[in-house]
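The structure under discussion appears below in the form of structure tokens.
The values are calculated or read from the model by the stated rules, or taken from the named source; none is laboratory data. Nothing here was measured: the structure is a model prediction, and the numbers come from that model. Heads up, the Cβs are rebuilt from the backbone with ideal geometry, glycines too, and the neighbour counts pull from every protein chain shown. Ligands, DNA and RNA are stripped out before the accessible areas are found, and what is left, the full protein with its side chains, is counted by its heavy atoms. Shrake-Rupley method; radii C 1.70, N 1.55, O 1.52, S 1.80 Å.
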Amino acid sequence: GRCCCSNPRQFPPLDRSLRCSSGAKSSRWCGASFPREMRLSLALIILQFDGSLRQPSDRLKGLAMDPKRLGIGIGTCSAALLSCDGELINLTSKQIPPFPGLTSAHAEYEGLLLGLGTLLASVREDSRCSRELKTRAHLCGSPAITVQGDCKAVIDQMNYKSKPRMMETNFKQAVDLKDRIEKECNCAQGDGNFTISFEHIPREMNTLCDEACQQAACEKQHEAELALWDLIQKYQSSHSKTNNGPRKSKQKLNLSSLLKEALNSPLICSSARISFVCELTDLAMDAKDTATLRDASGFFFEMSRRWPKLYYLDDSNQRLKMTFKAVGRDVKRLSEVQPGKRKKQQGLTKLEGDELAANLQVLTLVFGINKRQPYYLNL
């Protein structure tokens, strides 16, 4: 009967007043617009669900994801059990494992299945949901449980107004859970009139589940960033042990593979990607890894060309664009260094090296991430 959310206070209170465009309240039932006694007779438990399939959100306002590096997205779903007076009973969310063909419809159905599964478990055990159903069953006509969602396609399919087609498997699972819940409640109630109805609500009335989905997506994104950062730290520690140890062991990690992960991971936002590339470029300069420097210079040149399309806020001075271009030029010169050449043709001068270090420091400060604190806590 407890809320599954670790900090339920971070979610805004539900606004269940449904208003039309003129500002007047609609005559359609919307939860709080009816007196408490009338709402008791309409629905004992309200189940709200939501599913989301979104691209990683960037911590830097105005910076979008590179279309060349877009993946399927981060799939999340959530479900909330509410009492008849709008009080939160249970809130749960989860991340959906990615698979080819994952769509937002799959995410919505996963949210519905999550909510129905949670409701079935609550009905079977001695929880607050079960006690509320049993104590107020005599006030309930039909329906006793209202399932609300902002995806009209899923609601219409559950009301048998449209065919599920590609979602036939998820539809059958949801219907099976619905029948099992009705059977459990009818056995407990004894009159056999217990049913579940499905209702479509606007997105504005489903803010609780939407916030839960957004937080789950941010957690998944932060986990991906932490995983890459830990690999970089592991490379640094193994590299130092290799240099100081008595024997040189084979390293499973190398800068090229880490840079490839930073460039191609669809779970990393643009600002974190830039920060990781700057970190790996600095390591490649120390290790004199020309292959990694060559790939990094290509990334900086690409960011310089695509910066006006990725950053949609006003950037009239174009300072970051010129910084990307300067870093790409200097890193490319370092990648072209070959042994045996004359000293004048090797690398950068001390002034140019200091300028490159300063530019990398600027990019790190602008796009740097807090490696140990999820940024979504400050949204």
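When restricted to residues that are open to solvent by less than 30 Å² (accessible area, probe 1.4 Å) and in contact with a strand residue (DSSP E or B) (Cβ under 8 Å, 6 or more places away or on another chain), the range 57-85 contains 14.
Residues in the range 323-354 that are out of contact with any helix residue (DSSP H, G or I) (no Cβ under 7 Å at 6 or more places or on another chain), of a type in the set (D, E, K, R), in a helix (DSSP H, G or I) and at pLDDT 65 or above: Arg329, Arg333, Lys350, Asp354. Mind counting the residues in the range 355-379 that are at pLDDT 85 or above and of a type in the set (D, E, K, R)? Total meeting the criteria: 1.
Residue-by-condition table, conditions (1) of a type in the set (Val, Ile, Thr); (2) in contact with a Ser or Thr (Cβ under 6 Å, 6 or more places away or on another chain); (3) surrounded by 14 or more Cβ atoms within 10 Å (Cβ to Cβ):
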residue	(1), (2), (3)
Ser271	no, no, yes
Ile274	yes, no, yes
Cys278	no, yes, yes
Asp282	no, no, yes
Lys288	no, no, no
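Out of the residues in the range 270-302 meeting the condition of being assigned to a helix (DSSP H, G or I) and acidic (Asp, Glu), tell me which one is farthest from Met322 (Cα to Cα). Looking at residues that are assigned to a helix (DSSP H, G or I) and acidic (Asp, Glu), I get Asp286. For first residues located in the range 153-166 and crowded, with 20+ Cβ neighbours inside 10 Å, partners that are of a type in the set (Lys, Arg) and part of a helix (DSSP H, G or I) and lie 6+ apart or on another chain with Cβ distances below 8 Å form the pairs Met158/Lys178. Residues that are outside any helix (DSSP H, G or I) and within 27 Å of the chain's Cα centre (by Cα) were ranked within the range 143-173; the one that is farthest from Ile45 (Cα to Cα) is Pro164.
Being open to solvent by 70 Å² or more (accessible area, probe 1.4 Å), assigned to a helix (DSSP H, G or I) and at pLDDT below 90 narrows it down to one residue among Asn186, Asn243; which is it? Going through Asn186, Asn243 in turn, just one is open to solvent by 70 Å² or more (accessible area, probe 1.4 Å), assigned to a helix (DSSP H, G or I) and at pLDDT below 90: Asn243.
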